[in-house]
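Here's the structure we're looking at; comments come further down.
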Amino acid sequence: MHASAGTAAAGPVEGRAPMRVISASLIGSALEWYDFFIYGSAAAIVFGPLFFADFDPATGTLVALATFGVGFLARPLGGIFFGHLGDRLGRKPVLVITLILVGAGTALIGVLPTYAQIGVWAPILLVTLRLVQGFAAGAEYSGAVLLLVENAPEGRRGLWGSFAPMGVSVGMMLASGAFALVSALPEEAFMSWGWRLPFLASLLLVAVGFWVRLKLAETAVFEEVQAKRNAEAKVEKAPLIAAIVREPRNFLVVLGARLAENGLGYLFPVFGLSYVVNTLGFDRQTALTSLMMGYVVQLVMIVAFSALSDRVGRRPVYMFGALFSAALAFPFFAMLHTLDPFWVTIAFVLALGIGNAAMFGPQAAYFSELFGPKHRFSGFAFARELGSIIAGGPAPALSAALVAWASGSSWPVAIYAIVLGVVTAFSVWAGPETYKDDIRAELAGGAVDEPPLRRAAVAA
């Protein structure tokens, strides 16, 4: 029988250091997404002429944005590999390894020779390091979320889980700010060495995150899983297969829920930045500042929407975000076309601070609650990152291709955004509500590995 929140065990954070748990998750997520968005900003602005110089400017930008999507191809593989380790060995060792890999890949991009210096090896090395980033990032966010959610007090998993997506906003805000600062350099300095500084700065986040994560304890939920395994002398050999076979509907819910959150989470800021600067001719530094304001608002609203999901449920908040994003599609591009700094800022604020925040905030707790603790890391990481291939990875390049096909018009991209939002809203509507579920349920009273949908039905 699935226990309700009211009958669950005392909060997992008892006897632990809540601020250490929160800071470890937030810093790691900030690093991962600082690194990923630094790459996205560079792909939109500088990688075309520096690494794909054989192409005309428009095609070079398109190819550079395509390499942004390459990182997503490695993410599910990283989710499988590190998710398996996380379910078998623990959350902590995975979080330390992925932090180092993501940071190292980013810093090395900052010292890469360009096409003019080493020819075709420049884009080859760029793509290779992008794959390293993606492989490690495939489990970094999932691990950071589980560290929070599995240590959260009952009834506050949404709020606690929000610190991981807050880290994402912090990382993206830092990335936007870093690029805005180096964009103020003279053009020649920016294109020769200025763009490298944000990549090299990631080493600072790696150092801080590594120090914090080494001092972490394992999550209370994983310790209980290990104790049960030791008592039964039984180890689940393939946690990912268990997650898919035992909870197939929830696996599909995660895939569908990712479409708008991840796809539009890259379409609006990454493609939107490229579109307003390269197609519409808007000032680059002003555009980056507007984007950074969007992330500032998102940072606050992620907490608000996550806390709201603890009160009214994950599904209504998530569906609101998906439908709001769909409704915003045409107005977003209309505001960009004004070339007015005020309306460009409003466009990014609405897209990131309302639409994306309402999905991204509750997602941390929701995806964790959809899988049982013995295979939670594998199911969460793989399903989430598989959704990245379908949604986030191709979104900027596909959007650029649609604009090229429409001779510079944005209407096909707006329709694409609407489709993503509607499909996500339907997927979440078709899924279970989980905010009152006991996250340790499969550890108690014979309910081992029973799918959340079935547990909810029994509880009802």
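Every number here is computed from the coordinates shown, using simple stated rules; none is lab data. A quick note: this is a predicted structure, and the numbers were derived from the prediction, not measured. Quick reminder, even Gly has a Cβ in these numbers, built from the backbone with ideal geometry, and neighbours come from all protein chains shown.
Per-structure values
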| quantity | calculated |
| --- | --- |
| Cα centroid separation - the range 383-419 against the range 248-323, whole Å | 14 |
| Overall form of the range 368-413 per C-alpha gyration tensor (a/c, 1.5; a/b vs b/c) | prolate |
| Spacing of the two label points (7 Å from each Cα toward its C-beta) at residue 429 and residue 409, in nm | 2.9 |
| C-alpha center-to-center spacing [the range 173-224, the range 341-368] in angstrom | 22 |
| Estimated dipole of the range 82-159 in Debye, rounded to 20 [Cβ of Lys and Arg +1, of Asp and Glu -1, Cα centre] | 40 |
| Rg(Cα) / (2.2 N^0.38 Å) computed for the range 317-386, rounded to two decimals | 1.45 |
| Positive-end residue of 80, 151, 185, charge dipole of the chain with Cβ unit charges | 151 |
| Under 5 Å, built H, 5+ apart or other chain: amide partners of residue 154 | 11 |
| Positive dipole terminus of the chain, leading residue within 171, 347, 42 (C-beta point charges) | 171 |
| Debye, to nearest 20: dipole size of the chain, +1 on Lys, Arg Cβ, -1 on Asp, Glu Cβ | 860 |
| Whole-Hz ³J(HN,Hα) from phi, Karplus 6.51 cos²θ - 1.76 cosθ + 1.60, for the range 77-85, glycine and proline x | 5, x, x, 5, 5, 6, x, 4, 4 |
| Test item: Cα-centred dipole of the range 237-297, Lys/Arg +1 and Asp/Glu -1 on Cβ, debye | 320 |
| Amide H partners (placed H, <5 Å) of residue 219, local residues excluded | 91, 92 |
| Per-peptide average of other Cβ atoms within 10 Å, ordering 136-149, 290-303 highest first | 136-149, 290-303 |
| Value at 222 nm in deg cm²/dmol, rounded to 500, when DSSP H runs of n ≥ 4 in the chain each add -39,500 (n - 2.57) | -23500 deg cm²/dmol |
| The chain - convex hull of the alpha-carbon atoms, volume per residue in Å³ | 120 |
| Mean separation of Cα contacts under 8 Å, 6 or more apart, over the residue count of the range 303-407: relative contact order % | 29 |
| Directionally averaged shadow of the range 41-174, computed from the convex hull of its alpha-carbon atoms, nm² | 9.0 |
| Taking the convex hull of Cα positions in the range 136-274, its mean projected area over all directions (nm²) | 11.8 |
| Extension gain, residue 89 back to residue 249 (0.36 nm per residue minus Cα-Cα distance, nm) | 54.9 nm |
| The range 279-371, Cα convex hull volume normalised per residue, Å³ | 96 |
| Relative contact order (percent, whole number), the chain, Cα cutoff 8 Å, 6+ residue spacing | 26 |
| Model label zone, residue 117; criterion: amide N under 17 Å from point 7 Å along Cα-to-beta-carbon; scope the range 191-232 | 191-201 |
| Of 199, 266, 254, farthest towards positive along the dipole that unit charges on Lys, Arg, Asp, Glu beta carbons give the chain | 254 |
| Loop GluC sites (Glu not before Pro), the range 223-312, which have at most 12 other Cβ atoms in a 10 Å radius of their Cβ (DSSP) | none |
| Normalised contact order of the range 82-138, rounded percent, pairs of Cα under 8 Å and 6 or more residues apart | 40 |
